[in-house]
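The values are calculated or read from the model by the stated rules, or taken from the named source; none is laboratory data. These figures come from a predicted structure and were not determined experimentally. As a convention, Cβ positions derive from the backbone with ideal geometry for all residues, glycine included, and neighbour counts pool all protein chains shown. Protein only, heavy atoms only, side chains kept; ligands, DNA and RNA dropped before computing areas. Shrake-Rupley method; radii C 1.70, N 1.55, O 1.52, S 1.80 Å.
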Amino acid sequence: MRVHVTDLKPGDCLKDDTFSKRGIHVLSKGALLQMDDISRLIRHDVDYVDIEDPPQTLASIPRVFHTVTTNFDQSIEGFQSLYLEALSRGSFNRSMVDDILKPLLHSLDQHKDTVSLLLLLDRDDEYTYTHSLQVGMLTYYIATWLGYSKQECYEISRAGYLLDIGKCRIPTSLLNKPGKLTPEEFQEVKRHTTYGYEIISNSMNDHSTALVALQHHEREDGSGYPGRLKSSEIHPYAQIAAIADVYSAMTTTRAFQSKQEFISVLRELHNLGFGKLNGKFVQSFIHHLIPNFIGKRVLLSTGDMGIIIMNNPIDVFRPLVQSEGRFIDLDRERQVSIVEIYME
(Lines give C-alpha, C1' and ligand atoms only; values in the text may rest on other atoms or scores of the structure.)
Protein backbone atom coordinates (compact mmCIF):
# COMPACT_ATOMS: atom_id res chain seq x y z
CA MET A 1 0.00 0.00 0.00
CA ARG A 2 1.37 3.40 -0.99
CA VAL A 3 1.16 6.00 1.78
CA HIS A 4 2.50 9.46 2.49
CA VAL A 5 5.34 9.47 5.02
CA THR A 6 3.26 11.56 7.43
CA ASP A 7 0.73 8.72 7.53
CA LEU A 8 3.33 6.14 8.64
CA LYS A 9 3.16 4.57 12.08
CA PRO A 10 5.71 2.68 14.18
CA GLY A 11 5.63 -0.98 13.18
CA ASP A 12 4.85 -0.38 9.50
CA CYS A 13 6.94 -2.60 7.25
CA LEU A 14 8.58 -1.26 4.08
CA LYS A 15 7.64 -3.18 0.94
CA ASP A 16 10.64 -1.97 -1.10
CA ASP A 17 13.98 -0.27 -0.73
CA THR A 18 13.45 3.47 -0.26
CA PHE A 19 15.53 6.17 -1.94
CA SER A 20 15.59 9.95 -1.62
CA LYS A 21 14.88 12.21 -4.59
CA ARG A 22 18.65 12.40 -5.09
CA GLY A 23 18.93 8.64 -5.32
CA ILE A 24 20.40 8.13 -1.84
CA HIS A 25 19.42 4.82 -0.25
CA VAL A 26 17.51 5.68 2.94
CA LEU A 27 15.95 2.45 4.23
CA SER A 28 15.90 -1.19 3.12
CA LYS A 29 13.04 -3.41 2.08
CA GLY A 30 11.48 -5.20 5.05
CA ALA A 31 12.47 -2.56 7.59
CA LEU A 32 10.08 -2.34 10.54
CA LEU A 33 9.74 1.38 10.98
CA GLN A 34 10.35 3.14 14.27
CA MET A 35 9.85 6.84 14.94
CA ASP A 36 13.50 7.56 14.16
CA ASP A 37 13.07 5.90 10.74
CA ILE A 38 9.98 7.99 9.96
CA SER A 39 11.87 11.14 10.97
CA ARG A 40 14.75 10.07 8.73
CA LEU A 41 12.42 9.70 5.74
CA ILE A 42 11.05 13.19 6.35
CA ARG A 43 14.56 14.67 6.62
CA HIS A 44 15.45 13.10 3.27
CA ASP A 45 12.35 14.64 1.64
CA VAL A 46 10.79 11.27 0.86
CA ASP A 47 7.11 11.84 0.10
CA TYR A 48 5.63 8.37 -0.37
CA VAL A 49 6.63 4.79 0.45
CA ASP A 50 5.08 1.38 -0.11
CA ILE A 51 4.36 -0.59 3.04
CA GLU A 52 2.91 -3.90 4.07
CA ASP A 53 -0.14 -3.13 6.17
CA PRO A 54 -0.58 -5.70 8.93
CA PRO A 55 -4.09 -5.89 10.42
CA GLN A 56 -4.60 -4.08 13.69
CA THR A 57 -4.97 -6.47 16.61
CA LEU A 58 -6.34 -5.97 20.09
CA ALA A 59 -2.85 -6.67 21.42
CA SER A 60 -1.67 -3.40 19.87
CA ILE A 61 -4.43 -1.35 21.51
CA PRO A 62 -4.47 -0.20 25.15
CA ARG A 63 -6.76 -2.51 27.14
CA VAL A 64 -8.99 0.37 28.20
CA PHE A 65 -10.09 0.72 24.56
CA HIS A 66 -10.71 -2.99 23.79
CA THR A 67 -14.49 -2.84 24.24
CA VAL A 68 -15.00 0.32 22.24
CA THR A 69 -12.72 -1.02 19.47
CA THR A 70 -14.89 -4.12 19.20
CA ASN A 71 -17.96 -1.89 19.02
CA PHE A 72 -16.26 0.16 16.29
CA ASP A 73 -15.72 -2.99 14.22
CA GLN A 74 -19.32 -4.09 14.69
CA SER A 75 -20.62 -0.63 13.81
CA ILE A 76 -18.62 -0.48 10.58
CA GLU A 77 -19.79 -3.96 9.57
CA GLY A 78 -23.34 -3.00 10.52
CA PHE A 79 -23.31 0.13 8.39
CA GLN A 80 -22.08 -1.91 5.44
CA SER A 81 -25.11 -4.19 5.86
CA LEU A 82 -27.45 -1.19 6.09
CA TYR A 83 -25.80 0.35 3.05
CA LEU A 84 -26.24 -2.77 0.92
CA GLU A 85 -29.82 -3.26 2.13
CA ALA A 86 -30.66 0.34 1.24
CA LEU A 87 -29.13 -0.16 -2.19
CA SER A 88 -31.16 -3.28 -2.95
CA ARG A 89 -34.46 -2.36 -1.28
CA GLY A 90 -34.49 1.43 -1.05
CA SER A 91 -34.88 1.17 2.73
CA PHE A 92 -33.26 -0.44 5.79
CA ASN A 93 -34.28 -2.10 9.04
CA ARG A 94 -34.55 0.61 11.72
CA SER A 95 -34.22 -1.88 14.59
CA MET A 96 -30.84 -2.91 13.20
CA VAL A 97 -29.64 0.69 13.55
CA ASP A 98 -30.63 0.70 17.22
CA ASP A 99 -28.96 -2.67 17.78
CA ILE A 100 -25.72 -1.28 16.36
CA LEU A 101 -25.71 2.16 17.97
CA LYS A 102 -26.88 1.55 21.53
CA PRO A 103 -23.89 -0.63 22.60
CA LEU A 104 -21.52 1.77 20.85
CA LEU A 105 -22.86 4.88 22.56
CA HIS A 106 -22.87 3.11 25.93
CA SER A 107 -19.16 2.44 25.50
CA LEU A 108 -18.54 6.04 24.40
CA ASP A 109 -19.96 7.22 27.72
CA GLN A 110 -17.00 5.52 29.40
CA HIS A 111 -14.42 7.40 27.32
CA LYS A 112 -13.89 11.15 27.43
CA ASP A 113 -10.65 11.16 25.37
CA THR A 114 -12.27 11.78 22.00
CA VAL A 115 -8.93 12.28 20.25
CA SER A 116 -7.72 8.78 21.20
CA LEU A 117 -10.97 7.33 19.84
CA LEU A 118 -10.44 9.19 16.55
CA LEU A 119 -6.90 7.82 16.40
CA LEU A 120 -8.29 4.31 16.90
CA LEU A 121 -10.50 4.95 13.87
CA ASP A 122 -7.50 5.97 11.75
CA ARG A 123 -7.76 2.84 9.66
CA ASP A 124 -7.98 1.72 6.06
CA ASP A 125 -11.55 0.42 6.05
CA GLU A 126 -13.92 1.53 3.29
CA TYR A 127 -14.09 5.31 3.72
CA THR A 128 -17.88 5.72 3.63
CA TYR A 129 -18.42 3.12 6.38
CA THR A 130 -15.68 4.40 8.70
CA HIS A 131 -16.70 8.01 8.05
CA SER A 132 -20.28 7.24 9.07
CA LEU A 133 -19.06 5.79 12.35
CA GLN A 134 -16.84 8.80 13.02
CA VAL A 135 -19.68 11.22 12.32
CA GLY A 136 -22.06 9.22 14.51
CA MET A 137 -19.50 9.32 17.33
CA LEU A 138 -18.64 13.01 16.98
CA THR A 139 -22.27 14.14 16.74
CA TYR A 140 -22.95 12.26 19.98
CA TYR A 141 -20.13 14.04 21.78
CA ILE A 142 -21.00 17.47 20.35
CA ALA A 143 -24.66 17.08 21.34
CA THR A 144 -23.57 16.05 24.84
CA TRP A 145 -21.26 19.06 25.14
CA LEU A 146 -24.08 21.36 24.01
CA GLY A 147 -26.34 20.07 26.78
CA TYR A 148 -28.89 18.08 24.82
CA SER A 149 -30.84 15.40 26.70
CA LYS A 150 -29.75 11.76 26.59
CA GLN A 151 -32.54 10.89 24.16
CA GLU A 152 -31.74 13.86 21.93
CA CYS A 153 -28.05 12.91 21.92
CA TYR A 154 -29.01 9.45 20.75
CA GLU A 155 -31.24 10.84 18.00
CA ILE A 156 -28.53 13.24 16.84
CA SER A 157 -25.92 10.47 16.81
CA ARG A 158 -28.23 8.19 14.85
CA ALA A 159 -28.79 10.95 12.31
CA GLY A 160 -25.03 11.48 12.00
CA TYR A 161 -24.46 7.75 11.58
CA LEU A 162 -26.97 7.61 8.72
CA LEU A 163 -26.28 10.94 6.98
CA ASP A 164 -24.37 9.37 4.06
CA ILE A 165 -26.67 6.37 3.49
CA GLY A 166 -27.71 7.99 0.18
CA LYS A 167 -24.23 7.34 -1.22
CA CYS A 168 -25.31 3.76 -1.85
CA ARG A 169 -27.00 5.09 -5.02
CA ILE A 170 -23.88 6.93 -6.22
CA PRO A 171 -21.58 4.93 -8.54
CA THR A 172 -18.52 3.66 -6.69
CA SER A 173 -16.36 4.94 -9.54
CA LEU A 174 -17.36 8.50 -8.60
CA LEU A 175 -17.00 8.07 -4.84
CA ASN A 176 -13.50 6.61 -5.28
CA LYS A 177 -12.33 8.74 -8.19
CA PRO A 178 -8.77 9.91 -7.38
CA GLY A 179 -8.88 13.01 -9.56
CA LYS A 180 -11.12 16.05 -9.64
CA LEU A 181 -14.77 15.43 -10.47
CA THR A 182 -16.28 17.02 -13.55
CA PRO A 183 -19.19 19.43 -12.91
CA GLU A 184 -21.60 16.73 -14.06
CA GLU A 185 -20.03 14.14 -11.77
CA PHE A 186 -20.13 16.51 -8.81
CA GLN A 187 -23.83 17.17 -9.43
CA GLU A 188 -24.43 13.42 -9.24
CA VAL A 189 -22.44 13.02 -6.02
CA LYS A 190 -24.40 15.89 -4.43
CA ARG A 191 -27.59 13.91 -4.97
CA HIS A 192 -26.60 11.63 -2.08
CA THR A 193 -28.33 14.16 0.19
CA THR A 194 -31.74 13.77 -1.47
CA TYR A 195 -31.23 10.02 -1.90
CA GLY A 196 -30.48 9.76 1.82
CA TYR A 197 -33.60 11.76 2.68
CA GLU A 198 -35.71 9.37 0.59
CA ILE A 199 -34.14 6.20 2.00
CA ILE A 200 -34.46 7.31 5.62
CA SER A 201 -38.06 8.48 5.05
CA ASN A 202 -38.85 5.05 3.61
CA SER A 203 -37.23 3.30 6.59
CA MET A 204 -38.31 5.16 9.73
CA ASN A 205 -40.80 7.74 10.94
CA ASP A 206 -38.23 10.32 12.00
CA HIS A 207 -38.29 13.51 9.98
CA SER A 208 -35.33 15.12 11.78
CA THR A 209 -33.04 12.20 10.90
CA ALA A 210 -34.08 12.46 7.26
CA LEU A 211 -33.49 16.23 7.34
CA VAL A 212 -29.92 15.71 8.58
CA ALA A 213 -29.18 13.55 5.54
CA LEU A 214 -30.74 16.22 3.32
CA GLN A 215 -29.16 19.29 4.95
CA HIS A 216 -25.71 18.30 6.23
CA HIS A 217 -24.03 20.07 3.30
CA GLU A 218 -26.02 23.29 3.73
CA ARG A 219 -24.02 26.28 4.97
CA GLU A 220 -24.95 29.28 7.13
CA ASP A 221 -24.33 31.78 4.32
CA GLY A 222 -26.51 29.92 1.80
CA SER A 223 -23.58 28.55 -0.20
CA GLY A 224 -24.33 24.88 0.50
CA TYR A 225 -26.54 22.30 -1.18
CA PRO A 226 -29.05 21.02 -2.16
CA GLY A 227 -31.38 23.86 -1.06
CA ARG A 228 -28.93 26.76 -0.53
CA LEU A 229 -30.54 27.23 2.88
CA LYS A 230 -29.34 29.85 5.34
CA SER A 231 -28.65 29.53 9.06
CA SER A 232 -32.18 29.81 10.49
CA GLU A 233 -33.50 27.39 7.85
CA ILE A 234 -31.07 24.57 8.70
CA HIS A 235 -32.15 22.08 11.36
CA PRO A 236 -29.89 22.28 14.46
CA TYR A 237 -29.18 18.54 14.22
CA ALA A 238 -27.91 19.10 10.67
CA GLN A 239 -25.74 22.00 11.87
CA ILE A 240 -24.11 19.67 14.42
CA ALA A 241 -23.70 16.90 11.85
CA ALA A 242 -22.06 19.31 9.39
CA ILE A 243 -19.25 20.01 11.87
CA ALA A 244 -18.65 16.31 12.50
CA ASP A 245 -18.84 15.56 8.78
CA VAL A 246 -16.28 18.20 7.81
CA TYR A 247 -13.85 17.29 10.60
CA SER A 248 -13.99 13.57 9.83
CA ALA A 249 -13.60 14.11 6.09
CA MET A 250 -10.58 16.40 6.46
CA THR A 251 -8.75 14.15 8.94
CA THR A 252 -9.25 10.96 6.91
CA THR A 253 -7.36 9.70 3.87
CA ARG A 254 -9.61 9.63 0.82
CA ALA A 255 -9.16 8.66 -2.81
CA PHE A 256 -8.56 12.27 -3.86
CA GLN A 257 -6.81 13.72 -0.80
CA SER A 258 -4.43 12.86 2.02
CA LYS A 259 -5.65 13.32 5.55
CA GLN A 260 -4.76 16.51 7.40
CA GLU A 261 -3.36 16.79 10.91
CA PHE A 262 -6.04 16.98 13.62
CA ILE A 263 -5.18 20.34 15.20
CA SER A 264 -4.67 22.15 11.90
CA VAL A 265 -8.15 21.00 10.85
CA LEU A 266 -9.54 22.47 14.07
CA ARG A 267 -8.13 25.83 12.99
CA GLU A 268 -9.89 25.48 9.64
CA LEU A 269 -13.12 24.61 11.43
CA HIS A 270 -12.65 27.71 13.59
CA ASN A 271 -12.49 29.81 10.44
CA LEU A 272 -15.55 28.06 8.98
CA GLY A 273 -17.43 29.07 12.12
CA PHE A 274 -17.54 32.59 10.74
CA GLY A 275 -20.21 32.26 8.08
CA LYS A 276 -20.17 28.62 6.96
CA LEU A 277 -20.84 26.51 10.08
CA ASN A 278 -22.70 27.34 13.29
CA GLY A 279 -20.15 29.37 15.23
CA LYS A 280 -21.46 28.47 18.69
CA PHE A 281 -21.40 24.76 17.92
CA VAL A 282 -17.91 24.98 16.38
CA GLN A 283 -16.50 26.76 19.43
CA SER A 284 -17.99 24.14 21.77
CA PHE A 285 -16.41 21.39 19.66
CA ILE A 286 -12.97 23.04 19.72
CA HIS A 287 -13.20 23.93 23.42
CA HIS A 288 -13.88 20.32 24.41
CA LEU A 289 -11.53 18.64 21.94
CA ILE A 290 -8.37 20.72 22.47
CA PRO A 291 -7.62 19.44 26.03
CA ASN A 292 -7.59 15.86 24.66
CA PHE A 293 -4.36 16.60 22.80
CA ILE A 294 -2.32 17.10 26.00
CA GLY A 295 -0.07 14.09 26.54
CA LYS A 296 -0.20 12.93 22.92
CA ARG A 297 3.02 12.16 21.07
CA VAL A 298 3.62 14.23 17.96
CA LEU A 299 5.92 14.24 14.98
CA LEU A 300 7.15 17.74 14.15
CA SER A 301 8.00 19.14 10.73
CA THR A 302 11.66 19.16 11.84
CA GLY A 303 11.56 15.36 12.09
CA ASP A 304 11.75 15.49 15.90
CA MET A 305 9.35 13.63 18.19
CA GLY A 306 7.71 15.36 21.12
CA ILE A 307 4.80 15.41 23.54
CA ILE A 308 2.15 18.10 23.81
CA ILE A 309 2.33 19.28 27.42
CA MET A 310 0.27 22.47 27.46
CA ASN A 311 -2.27 24.36 25.39
CA ASN A 312 -1.26 27.86 24.40
CA PRO A 313 -3.68 30.46 25.81
CA ILE A 314 -2.78 32.88 23.01
CA ASP A 315 -3.22 30.43 20.14
CA VAL A 316 -4.79 27.09 21.12
CA PHE A 317 -3.82 25.64 17.75
CA ARG A 318 -0.08 26.11 18.47
CA PRO A 319 0.59 24.18 21.72
CA LEU A 320 3.73 23.84 23.84
CA VAL A 321 5.68 20.69 22.94
CA GLN A 322 8.46 19.00 24.92
CA SER A 323 11.07 17.35 22.73
CA GLU A 324 14.35 15.80 23.89
CA GLY A 325 14.50 17.84 27.08
CA ARG A 326 13.63 21.20 25.56
CA PHE A 327 10.36 23.07 25.21
CA ILE A 328 9.10 24.25 21.85
CA ASP A 329 6.48 26.98 21.88
CA LEU A 330 4.85 26.57 18.49
CA ASP A 331 3.27 29.99 18.82
CA ARG A 332 6.74 31.56 18.82
CA GLU A 333 8.50 29.09 16.53
CA ARG A 334 6.09 29.56 13.64
CA GLN A 335 8.32 27.69 11.21
CA VAL A 336 7.76 24.45 13.15
CA SER A 337 4.47 22.59 12.84
CA ILE A 338 2.90 19.32 13.96
CA VAL A 339 2.88 16.76 11.18
CA GLU A 340 1.26 13.80 12.89
CA ILE A 341 -0.34 12.93 16.26
CA TYR A 342 -0.12 9.54 17.98
CA MET A 343 -2.13 8.03 20.78
CA GLU A 344 0.82 7.58 23.16
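Distance from the alpha carbon centroid of region 274-343 to that of region 77-105 works out to 36 angstrom. In terms of accessible area, using a 1.4 Å probe and ignoring ligands and nucleic acids, GLU185, GLU77, GLU268 rank largest first as GLU77, GLU268, GLU185. If you wrap the chain in the convex hull of its Cα atoms and look at it from every side, the mean projected area works out to 18.1 nm².
Distance check, please: which entries in LYS102/LYS150; LYS112/LYS296; LYS230/LYS259 exceed 20 angstrom between their Cα atoms?
Listed pairs above 20 Å: LYS230/LYS259.
Rolling a 1.4 angstrom probe over the protein heavy atoms with all chains in place gives the chain an accessible area of 46 Å² per residue. Just in region 286-344: which trypsin sites (Lys or Arg not before Pro) are loop by DSSP and have at most 15 other Cβ atoms within 10 Å? Listed in order of number, the matching sites are ARG332, ARG334.
Just report the Cα centroid separation between region 207-235 and region 140-178, whole Å. About 14 Å separates the Cα centre of region 207-235 from the one of region 140-178. Determine the sum of side-chain charges near HIS216: Lys and Arg each +1, Asp and Glu each -1, restricted to other residues whose C-beta is under 9 angstrom from that of HIS216. Summing Lys/Arg as +1 and Asp/Glu as -1 gives -3.
Annotation for region 149-228: trypsin sites (Lys or Arg not before Pro) lying in DSSP loop with at most 11 further Cβ atoms inside 10 Å of their Cβ are LYS180.
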